[in-house]
Each structure stands twice: as C-alpha cells, then as structure tokens.
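The values are calculated or read from the model by the stated rules, or taken from the named source; none is laboratory data. Since the structure is predicted, the reported quantities are computational estimates derived from the model, not experimental observations. Quick reminder, even Gly has a Cβ in these numbers, built from the backbone with ideal geometry, and neighbours come from all protein chains shown.
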Amino acid sequence: MKRIAIIPGDGIGLEVTREVVELLGQLSAEGLPLAWKIFGYSADSYLREGRALPEGGMEELARFDAIFLGALGDPRVPDMAHGREIILGARRSLDLYVNLRPVQLLHDRLTPLKSRRCEDVDFTIVRENTEGAYVGAGGRFREGTLDEVAVQEALATRRGVERVLRYAFRLAGASGEKLVMADKHNALEFVGGLWYRTFRELEGEYPQVEARHLFVDALCHDLVRDPSRFGVIVTSNLFGDLISDLGAALAGGLGLAPSANLNPETKRGLFEPVHGSAQDIAGKGIANPMAAFLSAGMMLEFLGFGEAGRRLRAAVTTCLEEGSVTPDLGGSSTTAEVGRVIRNAVALGAAVVEER
C-alpha cells in the first residue's frame, strides 16, 4: 500500500486537488493499492493557529510515500510565511534537491510559437532545489529610508551542485537526450564558476551524453527560437525557476505545468502544479485542473504505478483533443467538467488495457 499526504492548500488548490482525490478514489476502486490523508495546512490554519505546521508536522509528512500539494498563497499572508514554511521546509527537511519540470506540448494549438508542433516542444528542466538564491541568506539595513541597503546571497556547495548535475547526466543518458547546463559565470564568477567547473569535470564520466554549456540568457533566447534543440536542461535554483515558467508558456501555460520535487536516493517526492493559488479566480469553478492531474501522473509513476501514470497523461491529451477545456485555454468547461472527462478517459484506458 502506497500512502499519500495531500495538502490542498489555498485558493484554486482546493478545487484542483478535489479532482485529483476523486481520481485516486477511482484508481483505488480499480485495485491500485493507494491510501491517502488530507491535511488542512493553509492560510486559514496559519492565521488561526499562528504557524503553518503543528509540532511534528513535517516529521509526519515524511512518513508518507509521497506528498501532493495543491497550491499555497493568500493575500492575508502577504509575506507568504506559511508557504515558505511548508514548501521550502519540505524541500530542505526532506532534502528534495531535484526539481523536475517536464515541458511537453500536448496539442499544437496551445503553443504561442509560430509553426511549431508537439514534437518541437518536449524537454525537461532539472532545477537545483535546495541551494542558490532561495536559501534566505541576507538582510536589510535602514529599511524604509533612502539609505536602505538590501543584500541577498546565493549559496552553492560542491556537493549540492555535483549531485544535481549527476542526476541530469543520468537522466539524459537514460533517455538518449542531449544535455545543456546553463549558468552565468561570466558575471557571477563565484557561484557560476563552481557550476561551470563541476560540469566540465563531470563530462568525462558520461561520454555517452552529448553535453554543452550555455549562458542562461542565451538559453532563453534559443528556447524561443528553436525549442526542438533541447532535451534535458540543468541549472541553478533561481535560473531554473525562471526558465521553467518560460517553458510552461511554450507548452500552453501554467495550467498545464506539472512538477516534482525529488530525492532520488531516499525515494521521497513532493508533487505539485505550479500555477499558484490564483485567488482572483478561486471559487468560480473555472480553474484548470490539468496541471494537477499531470503532477498526479508523475506521482503515480514515482510510486511505481507507471501504467496508471501513462493512462492519466493520455487522458489529459484526449481532453485537449476533444476541446473540453477551461477558459484559460479558450474553452468554457468548468473545473469539475474537465475533471470528469479526464477520469472517464482514464477509466476507458483501463478497459483497453484489460482487453489486451
């Protein structure tokens, strides 16, 4: 039995996660050994209790086989304190050093790039997830005055850089894809230099992988001009954050962008759509649940249920082909209607598999 901790979170996270939970129930009824527990960690609980997690909360989450997160963010918590404690806390406490962002165009009409097709937009971003500019190192002096000084430091360790680069080399080797490492060592000589030197040192250990380096600005330029040139991209926390949203735009938007936070050695994983809580449309029933379903598909594959994960991805593609989509993709379907179409397609896929 695989156990999943589910945190719906805030805003549309509640709505899209509801559709995923319905799917888990359907798969469980089919015989998939799944169990789950829903945790109400959110802005509401933070404002009520004064903390994002109860005593021992992260330790409890660590005992599950996977964590599914809907979305966090609420204007009543302007500094995103609860989100940082939960998301960044999980990444660091569970050492989820790989942020995996597949970018795959599932229907030709969804890309803003002229004359590009599904086969042209299909790459994976490997983002270092526990170091870099997001470690919270820095501070402010004379805040609120004309003399205010702010310092934000990026931290990189040889161990942290090397392990995520090795993961990317192995991923590219297993898939037969080309690998690109992106940094900015011509301007950020210390952190960028560590990334560049480590990358060059590791190249010789993976002769089967065609690997090259690009400065991150050149990478963004080339991604827009010709995304078909890319297979696996590996980069730092901050640059990976930015490139991932560019990739999402090429593939149809954040409503179709799944992600995984992984530790390949300890087999821990947190899965989440990356669209945020979208408070402006929360409660209207029009949130796109596809990124949540695609993230759930990644989670199912991670848990060892590869066939179910592939069926789910195919079901999302079927839904797109039929035009059963929410307003962000040009349709008029509701969140629940899209969820229903996807679950029906997953069930149909199961029937086809049984017939074989």
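Summary table below
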| read-out | value |
| --- | --- |
| Members of the stretch 46-59 found to be of a type outside the set (A, V, I, L, M), in contact (Cβ under 8 Å) with a residue 12 or more places away in the chain and assigned to a helix (DSSP H, G or I), listed by number | TYR46, GLY57 |
| Check on ALA150, modelled with pLDDT under 95 and among the hydrophobic types (A, V, I, L, M, F, W, C) | no |
| Number of positions in the stretch 279-331 that are part of a helix (DSSP H, G or I) and of a type in the set (Phe, Trp, Tyr) | 2 |
| Members of the stretch 255-278 found to be within 13 Å of the chain's Cα centre (by Cα) and either within 17 Å of THR124 (Cβ to Cβ) or of a type in the set (Lys, Arg) (or both), listed by number | LEU256, ALA257, PRO258, SER259, ALA260, ASN261, LEU262, GLY269, PHE271, GLU272, PRO273, VAL274 |
| Candidate set: the stretch 88-120, residues that are without any contact (Cβ under 8 Å) to a residue 12 or more places away in the chain and either part of a loop (DSSP other than H, G, I, E, B) or on the phi > 0 side of the Ramachandran plot (or both); chosen: the one surrounded by the fewest Cβ atoms within 10 Å (Cβ to Cβ) | LYS114 |
| Residue within the stretch 74-84 that is under 25 Å from THR235 (Cα atoms), of a type in the set (Asp, Glu) and either touching a Pro at 6+ places or on another chain (Cβ under 7 Å) or free of Cβ contacts under 8 Å to residues at least 40 places away in the same chain (or both) present | no |
| First in the stretch 235-247 and closer than 17 Å to TYR167 by Cβ, second anywhere and in a helix (DSSP H, G or I), Cβ under 7 Å, 6 or more apart | THR235/VAL216; THR235/ILE243; SER236/TRP195; PHE239/VAL216; ILE243/LEU219; ILE243/CYS220 |
| Meets criteria (basic (Lys, Arg), under 27 Å from GLY309 (Cα atoms) and loosely packed, with under 15 Cβ neighbours inside 10 Å) for ARG18 | no |
| Subset of the stretch 19-33 (residues that are on the phi < 0 side of the Ramachandran plot and free of Cβ contacts under 8 Å to residues at least 60 places away in the same chain) | VAL21, GLY25, SER28, ALA29, PRO33 |
| Residue that is farthest from ALA182 (Cα to Cα), among those in the stretch 126-150 that are hydrophobic (A, V, I, L, M, F, W, C) and surrounded by 11 or more Cβ atoms within 10 Å (Cβ to Cβ) | ALA137 |
| Selected residue (criterion: surrounded by the fewest Cβ atoms within 10 Å (Cβ to Cβ)) from residues of the stretch 151-162 that are in contact with a strand residue (DSSP E or B) (Cβ under 8 Å, 6 or more places away or on another chain) and assigned to a helix (DSSP H, G or I) | GLY160 |
| Residue, nearest to MET299 (Cα to Cα), within the stretch 1-35, restricted to residues that are assigned to a strand (DSSP E or B) and in contact with a Lys or Arg (Cβ under 9 Å, 6 or more places away or on another chain) | ILE4 |
| Checklist (1) within 26 Å of ASP95 (Cα to Cα); (2) aromatic (Phe, Trp, Tyr); (3) surrounded by fewer than 21 Cβ atoms within 10 Å (Cβ to Cβ) applied to TRP195, failing item | (3) |
| Residue tally, condition on the phi > 0 side of the Ramachandran plot and either surrounded by fewer than 18 Cβ atoms within 10 Å (Cβ to Cβ) or not in a loop (DSSP other than H, G, I, E, B) (or both), over the stretch 263-278 | 2 |
| Unique match (being crowded, with 17+ Cβ neighbours inside 10 Å, farther than 28 Å from GLU131 by Cα, in contact with a Lys or Arg (Cβ under 8 Å, 6 or more places away or on another chain) and at pLDDT 95 or above) among VAL346, VAL316 | VAL346 |
| Number of the exception - GLY330 against (1) touching a residue at least 40 places away in the same chain (Cβ under 8 Å); (2) more than 13 Å from GLU15 (Cα to Cα); (3) over 17 Å from the mean Cα position of the chain (by Cα) | (1) |
| Residue identified as in a loop (DSSP other than H, G, I, E, B), surrounded by 18 or more Cβ atoms within 10 Å (Cβ to Cβ) and touching a strand residue (DSSP E or B) at 6+ places or on another chain (Cβ under 9 Å) among PHE64, PHE123 | PHE64 |
